[in-house]
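Notes to accompany the following structure.
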Amino acid sequence: MTHTQAPDKDTTEARPDVAPTERKTYFIKAMQEGLHAAMTEDDNVVVIGEDVDRSIIGATRGLIADFGEQRVRNTPISEATFVGACVGAAAVGLRPVVDLMVGSFFYVAMDQLADQAAKLRYMSGGQVELPIVYFTATGPSGSGAAQHSENPHPMLMNVAGLKIVMPSTPYDAKGLMLSAVRDPNPVVYFQDFVLGGTKGHVPEEPYAIPLGVADVKRQGTDVTVVAIGALVPRALKLAAQLEKDGVSVEVVDPRTLVPLDMDTILTSVSKTGRLVVCDNARLTCSAASEIVARVVESSFSVLKSAPQRVAWEDMPVPFSPPLEKRVLVSDDDIRSAVLRTMAD
Amino acid sequence: MTQTAAIDAAATSPEEHLDMLRTMIRIRRFEERVAALFKRGELPGFVHLYLGEEAVATGVCSALRPDDRITSTHRGHGHVIAKGAGVDRMMAELFGRVDGYCRGKGGSMHTVDFSLGIIGTNGIVGGGIPIGTGSAWGDKHLGRDNVTVVFFGDGASNQGVFFESMNLAQIWKLPVIFVCENNGYTEWTATEKLTAGRIADRGTPMGIPGEQVDGNDVLAVREVVERAVSRARSGDGPSLIEALTYRWHGHNEGEEAFAGDYRPEEEQQSWRTREPIKAYATRLIDGGLLDQEGWDRIDTEETDAVEAAVAFAKASPFPDPEEALDHLYAPIATGDAR
């Protein structure tokens, strides 16, 4: 881990001091609650994007009623310009939050994201803070076809200057949103499309989960499965099945990819000696590739078998359901990878 | 578009006139020195010089308050000087030294001082246009009356973000002034071969007032910008100004090694006869605000200041290599455990 990717807080306890709750809500509503809390605590937080007043995906729904149309503002379909406008607005004191709506729409705005938002502070020798959140629904949603199924987090991990958040549970979605808005840097927040309608325990009161702290979602002793975004609940389900086959799987959710909590991952791999990394993205240069490389470089001697990456074929995501299924990660892919690490 | 108008002492005080002249001379001497340093191989990287265009930055920034904002371009030395940057820290930045504005991280294309209202200079053509539109949005939202000037070139006028940003600025009535410096060449190709119609007219369909101005006439530039500033401050939204000027040097220094001859000699000569600084000085002399002695004094002072800046830059150490790993992320405030 380089010092530029150190966790934001030295937090050994990932769970904030919030009483357990029976209250359940949807992932997308949890994001909205995180945003609502951020807007309540700081008048300079504004939300912009296409149709954020009615919010097609749902993360900004209802905010306009509480915060008004100056703070919840629809933009023209001009991704490059509104992504870049947030840089100037943040430089003079606003804390903009932007709904990009679909992950691949980042590509329309890549100069403003990668050359401007990510680099202005660095290029100026640290003169300016740019507290901006760019959030979007992302990833395959079922026949979205190639331009509405992308997961651009691997290439954005390579930009330098963006923090990247990718929660897997409603609880994490709310707490990470509040931290993302409070962060003095540009943060890209990915909401996996298929998780939006999942439900989980979410306390009503605001709470923050620090960026850069992974969460062990399930304890195990034989194999560490690091899973990202939508693949976390699937890894957990498979882990429960594999338990019956006598394989004890530990599931680690990084929650943020930049900063990346390698300490938690390495601690787990040191215990199990085996590693599978599941990434909801194309294989080449995926987050899975990066995590495996870091583990092999730093902890080769603890490995009992070759680490495995599970990711998409290096193809665009096709439309037709059987074609799409062929390209994306299947449950069998994950299960087979786990068993491969056990066979050596 | 002529430079015959008499000096209007009521609109601009004698001190302001002499300040503007001084700024133009400062830019000129700075850029001449940078050209020589580059030729001798003393500067890392590459530079795009503002020689010949001094009246635009000076006229524009003279119409702004210190707390107003600008965004600048790859050809930004003139803008940054006109907005108040010191030539010593600028020169140190060009040398990649620790006393540069960006501690050596930015260089020629990214020299910036946010405390002077400079919201970035940019190595991407058109890259600053959305950013300046955004600072205008931020200021307006926060209830301030600052305006932002977005500097860009004729080349950037063909970027999509220019049209997008004009649209956003107009629907949100943002206090932003789009100032296009049309210096005749988009990199190495004549602008008219690449650019349809008049750039000044490009905001017209959106209802944005556009004006062409002689970019070599500092007072004409100042006057048109003052009108746009007044519109912006009173909530009437954006304006577009196209300043017609000419780039004396190449797109970047050292281009003769690869670019060949692409600008007719007579064209270059004709623009040199419309030299912006001497023309202004002559008007000031005619108006009784300047004499030869006054000119000599200002020129000597600014030339000396640039020499001192070179000495300052050369005396400044390079940053510790480990600083390359600093400044990527702003630290989270300690105790911020809300």
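The values are calculated or read from the model by the stated rules, or taken from the named source; none is laboratory data. Remember, it's a predicted structure, so these values are computed and weren't measured experimentally. All Cβ positions, glycine included, derive from the backbone under ideal geometry; neighbour counts span all protein chains shown.
One residue stands out among those in region B:135-153 that are in contact with a Phe, Trp or Tyr (Cβ under 8 Å, 6 or more places away or on another chain) and not in a strand (DSSP E or B): the one that is surrounded by the fewest Cβ atoms within 10 Å (Cβ to Cβ), which is B:K140. Among the residues of region B:111-134, the ones that are touching a strand residue (DSSP E or B) at 6+ places or on another chain (Cβ under 6 Å), in a loop (DSSP other than H, G, I, E, B) and within 7 Å of chain A (Cβ to nearest Cβ) come to 3 in all.
Each residue in region B:163-202 was checked for being small (G, A, S) and in contact with a Pro (Cβ under 7 Å, 6 or more places away or on another chain), and 2 pass.
Taking region B:4-26, which residues are surrounded by 16 or more Cβ atoms within 10 Å (Cβ to Cβ) and at pLDDT below 95? The answer is B:I7, B:T12. For region A:146-163, state whether one or more residues are under 24 Å from A:T40 (Cβ atoms), out of contact with any His (no Cβ under 6 Å at 6 or more places or on another chain), within 14 Å of chain B (Cβ to nearest Cβ) and crowded, with 23+ Cβ neighbours inside 10 Å. Scanning region A:146-163 turns up at least one residue that is under 24 Å from A:T40 (Cβ atoms), out of contact with any His (no Cβ under 6 Å at 6 or more places or on another chain), within 14 Å of chain B (Cβ to nearest Cβ) and crowded, with 23+ Cβ neighbours inside 10 Å.
For region A:194-218, the candidate set comprises residues that are free of Cβ contacts under 8 Å to residues at least 60 places away in the same chain and not β-branched (V, I, T); within that set, the residue that is surrounded by the fewest Cβ atoms within 10 Å (Cβ to Cβ) is A:R218. Within this structure, B:L219 passes the test of being buried (at least 20 other Cβ atoms within 10 Å of the Cβ) and either in contact with a helix residue (DSSP H, G or I) (Cβ under 9 Å, 6 or more places away or on another chain) or modelled with pLDDT under 95 (or both). Per the conditions (1) buried (at least 22 other Cβ atoms within 10 Å of the Cβ); (2) touching a strand residue (DSSP E or B) at 6+ places or on another chain (Cβ under 6 Å); (3) closer than 20 Å to B:E53 by Cα, the sole criterion not satisfied by B:Q212 is (1). Residues in region A:94-113 that are more than 10 Å from chain B (Cβ to nearest Cβ) and part of a helix (DSSP H, G or I): A:G103, A:S104, A:F105, A:F106, A:Y107, A:M110, A:L113. Only residues that are under 22 Å from the mean Cα position of the chain (by Cα) and more than 11 Å from A:L283 (Cβ to Cβ) were counted in region A:310-323, giving 2. Taken as a whole, the structure leaves A:A146 outside the set of residues that are under 30 Å from A:K304 (Cβ atoms), of a type in the set (A, V, I, L, M) and in contact (Cβ under 8 Å) with a residue 24 or more places away in the chain.
Would you mind stating whether B:G128 is free of Cβ contacts under 8 Å to residues at least 60 places away in the same chain, among the small types (G, A, S) and closer than 26 Å to B:A220 by Cα? For B:G128, the condition - free of Cβ contacts under 8 Å to residues at least 60 places away in the same chain, among the small types (G, A, S) and closer than 26 Å to B:A220 by Cα - is met. Which of (1) touching a residue at least 24 places away in the same chain (Cβ under 8 Å); (2) within 10 Å of chain B (Cβ to nearest Cβ) does A:P20 not meet, given it meets every other one? Result: A:P20 fails condition (2) only. Out of all the residues in region A:66-77, is one or more within 14 Å of another protein chain (Cβ to nearest Cβ), under 24 Å from the mean Cα position of the chain (by Cα), touching a residue at least 12 places away in the same chain (Cβ under 8 Å) and under 21 Å from A:P184 (Cα atoms)? Checked against the condition, which is being within 14 Å of another protein chain (Cβ to nearest Cβ), under 24 Å from the mean Cα position of the chain (by Cα), touching a residue at least 12 places away in the same chain (Cβ under 8 Å) and under 21 Å from A:P184 (Cα atoms), region A:66-77 yields at least one hit. Restricting A:G88, A:G126 to residues that are facing chain B (nearest Cβ under 8 Å), in contact with a Lys or Arg (Cβ under 9 Å, 6 or more places away or on another chain) and surrounded by fewer than 21 Cβ atoms within 10 Å (Cβ to Cβ) narrows the list to A:G126. Candidates are the residues of region B:259-293 that are assigned to a helix (DSSP H, G or I), of a type in the set (A, V, I, L, M) and in contact (Cβ under 8 Å) with a residue 60 or more places away in the chain; the one that is nearest to B:E187 (Cα to Cα) is B:I277.
Does B:A92 qualify as being assigned to a helix (DSSP H, G or I), buried (at least 24 other Cβ atoms within 10 Å of the Cβ), at pLDDT 95 or above and more than 9 Å from every other protein chain (Cβ to nearest Cβ)? It is true that B:A92 is assigned to a helix (DSSP H, G or I), buried (at least 24 other Cβ atoms within 10 Å of the Cβ), at pLDDT 95 or above and more than 9 Å from every other protein chain (Cβ to nearest Cβ).
For region A:314-338, the set of residues classified as in contact (Cβ under 8 Å) with a residue 24 or more places away in the chain and either exposed (fewer than 14 other Cβ atoms within 10 Å of the Cβ) or of a type in the set (A, V, I, L, M, F, W, C) (or both) consists of A:D314, A:M315, A:V317, A:F319, A:S320, A:P321, A:L328, A:V329, A:D331, A:I334, A:A337, A:V338, listed by residue number.
Take the residues in region B:135-156 that are aliphatic (A, V, I, L, M) and under 21 Å from B:D236 (Cβ atoms), then tell me which one is nearest to the other protein chains (Cβ to nearest Cβ). Once the filter is applied, the top-ranked residue is B:L142. If we scan region A:292-301, do we find a residue that is within 16 Å of A:G139 (Cα to Cα) and surrounded by fewer than 20 Cβ atoms within 10 Å (Cβ to Cβ)? No, that holds for no residue.
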